[in-house]
Structure formats: C-alpha cells, structure tokens
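Each remark here refers to the structure printed beneath this line.
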C-alpha cells in the first residue's frame, strides 16, 4: 500500500473524532500538546520497563499527531507555525522514546550487549538525519518526500516493537537503524539530482552567516 493511501485511510478512520473535536471547540494546539504529554509519559513508562504500555501511549500520541493537522485544516486555521510546532513535537517524541529505550536496556535485570546500544543510537541518528534532510531540502525549495522509511512507517515499526516486547524490539531497532540511514542517503541523492547543478544564490550584503 502506498504511503499516501495509508495516511488517507488513517485519516478517514479518525475523521469522526476530528469532527467531534471541531464541534466541541477543541483547538488543534491543545491536541498537539496532549499528544506530546502522552508521548513523554509513555517514554517514562518505557524507561521503567513497561514496553507494551509505552507502545500504547506512543500509538495514542501518533493519532493525536494526525488529528491536530486535520482539525486545523477543517477550521482553515493551518499555519506555518502550526507545522513548525508539529514537527518540533515529533522530534521531542523521538528523542524521548529512543532515550527511554537506552535507559531500559541499561537497567535490564539480564543486562545488555554493547551492540544493542549502538543500534539504538544509530536508529536515533538516522531518524533525526532523515527529518533534517527533508527540512533542509524544503528550506532551499526542494520537495523531499522520498525514501523507504518516512516517519509514519518508522512510528508503526516503533509501536510494533514496543507492543510485542523486547525480542521483537531488537530486530525492529535494527530495521529502523538501517532503513533510516538508507532513507537519509536517498534524500541526499534526490536533492543532488534536483538542485545539485543550481548555482548558489548570491550573498546579500549585511546578511548573517550561511545556515549550517
């Protein structure tokens, strides 16, 4: 199933909830904040060893992430600031959950293997770099919604790994690490094809340093 079709089906399922929130006057930002609170609490739960419960909270947070955008569009109140906040909260959620998994591994009664921590950290790096590559590409005017593992798929794998427990979480982290890094490379190559031959715009007098 194509990524766009998958998102469309999820939105269709959640449409009654979005309509209810719209009818009772819940603002999109409140939904975003509630989703962030769910994810932070879920990360704490994961760190304490309750992977299944943490996965459920991540699922609920992800649903809020869909509802808030649809609610804003339903009210014609979607804005660049809303998109910025939404993306920022997504990064906070990912850092919180990856950090929680590291904490969980380090404190497991049976101990942990060093490679497990390496895989989780590579998965975190890949997730952040994938998102950064898209944001930076769009900042220079290039559409960059490409790659084998975008955030919806990444979150689906993450939730599945948590819900099904430690033995499933291990290979899931490996898949996220490998696929996220591969997606990051795909996006670099995509931007190179689209914008690699474009000349750099001339510097503006008095402008600050170029973006990093």
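Does the range 21-40 include one or more residues that are within 21 Å of the chain's Cα centre (by Cα), farther than 29 Å from residue 139 by Cβ and surrounded by 17 or more Cβ atoms within 10 Å (Cβ to Cβ)? The answer is yes, given that some residue of the range 21-40 is within 21 Å of the chain's Cα centre (by Cα), farther than 29 Å from residue 139 by Cβ and surrounded by 17 or more Cβ atoms within 10 Å (Cβ to Cβ). The set of residues from the range 144-159 being in contact (Cβ under 8 Å) with a residue 24 or more places away in the chain and either part of a helix (DSSP H, G or I) or within 18 Å of residue 96 (Cα to Cα) (or both) comprises 151, 152, 153, 154, 155, 158, 159. Inside the range 129-143, residues that are surrounded by fewer than 20 Cβ atoms within 10 Å (Cβ to Cβ) and over 15 Å from residue 182 (Cβ atoms) make up a count of 9.
Using the structure shown, decide if residue 152 is surrounded by fewer than 14 Cβ atoms within 10 Å (Cβ to Cβ), at pLDDT below 95 and more than 19 Å from residue 41 (Cβ to Cβ). Before you say what the answer is, go through the steps one by one.
Values: surrounded by fewer than 14 Cβ atoms within 10 Å (Cβ to Cβ): no; at pLDDT below 95: yes; more than 19 Å from residue 41 (Cβ to Cβ): yes.
For residue 152, the condition - surrounded by fewer than 14 Cβ atoms within 10 Å (Cβ to Cβ), at pLDDT below 95 and more than 19 Å from residue 41 (Cβ to Cβ) - is not met.
The values are calculated or read from the model by the stated rules, or taken from the named source; none is laboratory data. These numbers were taken from a predicted model, which means no experiment stands behind them. Heads up, the Cβs are rebuilt from the backbone with ideal geometry, glycines too, and the neighbour counts pull from every protein chain shown.
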